[in-house]
1. So between residue 382 and residue 174, what do we pick up on full extension, going 0.36 nm a residue minus the alpha carbon distance?
2. Checking understanding here: applying a Kyte-Doolittle mean of at least -0.5 and a length along the axis of at least 27 Å (C-alpha), which whole DSSP H helices in the chain pass?
3. Grab the beta carbon distance between residue 121 and residue 142, set R0 = 22 Å, and tell me the FRET efficiency rounded to 0.05.
4. Through the Karplus equation 6.51 cos²θ - 1.76 cosθ + 1.60, θ set to phi - 60°, convert the phi angles of segment 302-313 into ³J(HN,Hα) values in whole Hz; use x for Gly and Pro.
5. For every helix of n ≥ 4 consecutive DSSP H residues, a contribution of -39,500 (n - 2.57) applies; sum these over the chain, divide by its total residues, and give [θ] at 222 nm rounded to the nearest 500 deg cm²/dmol.
6. Just to be sure I understand: of the beta bridges DSSP finds with both ends in the chain, what percent are antiparallel, rounded to 5?
7. For the chain, what's the relative contact order in percent, using C-alpha pairs closer than 8 Å and at least 6 residues apart?
8. Compute the Cα gyration tensor for segment 20-115, then decide on rounded, prolate or oblate, letting a ≥ b ≥ c be the square roots of its eigenvalues: rounded whenever a/c is under 1.5, prolate when a/b is larger than b/c in the other cases, and oblate in all that remain.
Amino acid sequence: MAKIHADPFANATKQLNDACDILGIKDKGLREYLAMPNKMMRVKIPVRMDNGQIRIFTGFRCQHNNDRGPYKGGIRYFDPEGGVEYMEREVMALSAWMTWKTSLAGVPLGGAKGAIYFNPKKEKFSRIEMSRITRRFTFMISEIIGPQKDIPAPDVYTTGKEMTQIMDTWGKLHGVTQQPAVVTGKPIPMGGSLARNVATGLGTAYCVREAAQYIGLPLKGAKVILQGFGNASTFSGEYLEKMGCIIIGASDSKGDIIKTSGMKMKDLEKWKRKKGTVVGFPGSTKVTTEKLLTTKCDILIPAALENQIDANIAKKIQCKIIGEAANGPTLPEADPILFKKKIIVIPDILANSGGVTISYYEWVQNNLGQYWGFVHVAKLMEDHIVRGYHDAAALATKKKIDMRRACMAIAVKRVVEAFELRGIWP
Ligand code: NAD
C-alpha cells in the first residue's frame, strides 16, 4: 500500500511556508530557522546477530526545535520503500511535525523524531537481537537524549518494551537506576501513565466528535473507515464505536477490507490476533487501498503511514471528516481539493496529539514521582484537544482557510514567540 511520492520534508516545509504566509512572516532567515532541524544525528549501529555475524543498521535522531521545551518525539523501526536516504528526509519531516504538534497542544516541549531502518515485522529477529539493536542505538544517541534534553517515545513498530530498554540503557550509561522521565510510553510498572496506550486514538476520537458536532453529523450510525490496524487505528476505532459509530473498513500491511454492514472492533481485533491480519474477516471484501480510501463513509481515519491521500484519491474521497491519526497521510496537493469539497480535515498535528499530550503528563508524573488515575489523565488530554480544535476552527472560519493551515499558523506563531523571547545566543 505504501506509496512513494514527494519528499516528506519538502511537504513539511511547504506547510510551514503556508503558515508563514498567513502570519505575514517575510524574513527568509526566520523561515529557514523554523524549517531546518537544529540537529540531525545519523548513526551506524553494529550488532552481533545470533548466528555470530555482524550486521550494520542505520539509525537517526533528528532534533528539530526546542525553543518551547525539551525535544520530544517517537522512535520508529521501519523500512520505507525509498530506502535509508528517504527515511532521513522522513525523520526530518516527522521531527518538524512534532514541533508544531507540541506547540498546538500547548505542552512545553519541542519536536524530535528517531528511527532505525529495519522492519521487525518483515524479518524475524530474536528477542536478544532486538534488545541489542535498541540498546546499541541508545548508546549511540545517549549524549543527546535525557529528561531535560530530548525524550523519545514509541512509534511505528516500537512499544513500551523498547522504551524500557532505552530507559535502562540510558540510566546505566549515566549512573542512575531510576530515571523514568528519559522516555515516555513506558509500561505502567516502569513509570508509564495510565491512558497513554489509548491516548492517540482517544484524542483522534475527541477531535472527530468536535468536528461532527460542528457540521451537525450525528455520530450514532456514522460510518467509519480505518486505514492501518495498530495502536492509533484500533483505539480510534474503539472510541468512535463507543460514541455510536459503525466501522465499515479497515486495513493493515497485508491488505484492505470493506464490509458495509459494519464490523465490531472486538471481533476485528480477535480476527487480527488469530490470523495476523484483518484480511479475510468474515463477510468482508478485500479491496485495493484506493477503494478503501474512497468508499463512501462519514469518517475516514488514515492511521498507518504518510503519503496516502494524493490529488487523485482526494478527488474520489466521499467522506465528511478525515481524522489524521497517522502523521503526514495527506499530500499538500490534496488539501485544496478536500477543502473545496468541504471535507473537514483534522490535521495530524491536532488529530493525533493526544499521544504526545499524555506523554507530557507521563513525564510530569515521572518528574513529580506521583501517579494519577486514568480518568484524570484522559480529562487533562481532552481539555487540550478540545481547546486546540476550537482555537483552530475559529481561525479557520475567520480567515476562510482549512484546518491544517489554521493549526499550523497557531503552532508556528507560538514557536516564533518563544524564539523571539529567547533571542539568539551568542
Ligand atoms: P503501529 O505499529 O501500532 O501500527 C502500524 C499499523 O500500520 C499496523 O497495523 C500495520 O499493519 C499498518 N501498516 C504498515 N504498513 C502498512 C501498509 N503498507 N498498508 C496499510 N497498513 C500498514 O503504529 P501506530 O503507533 O499505530 O502508528 C501509526 C501512525 O500513527 C504513524 O503514522 C504514527 O506516526 C502515528 N502516530 C502514532 C502515535 C502513537 O501514540 N502510537 C502517536 C502519534 C502518531
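1. 71.3 nm
2. The answer, listed by residue number, is 83-105, 374-399, 403-422.
3. 0.25
4. Couplings: x, 9, 10, 10, 7, 6, 9, 10, 9, 4, 4, 5 Hz.
5. Numbers: 15 runs with 200 residues, N = 426.
Helix contribution divided over all residues of the chain: -15000 deg cm²/dmol.
6. About 55 percent, rounded to the nearest 5.
7. 17
8. Judged from the Cα gyration tensor, segment 20-115 comes out prolate (a/c at least 1.5, a/b above b/c).
Readers should treat all values here as calculations from the given coordinates under stated rules, not as data from a laboratory. What you see is a predicted model, and the numbers here were worked out from it, not measured in a lab. With ideal geometry, Cβ positions are generated from the backbone for all residues, glycine too; neighbour counts draw on all protein chains shown.
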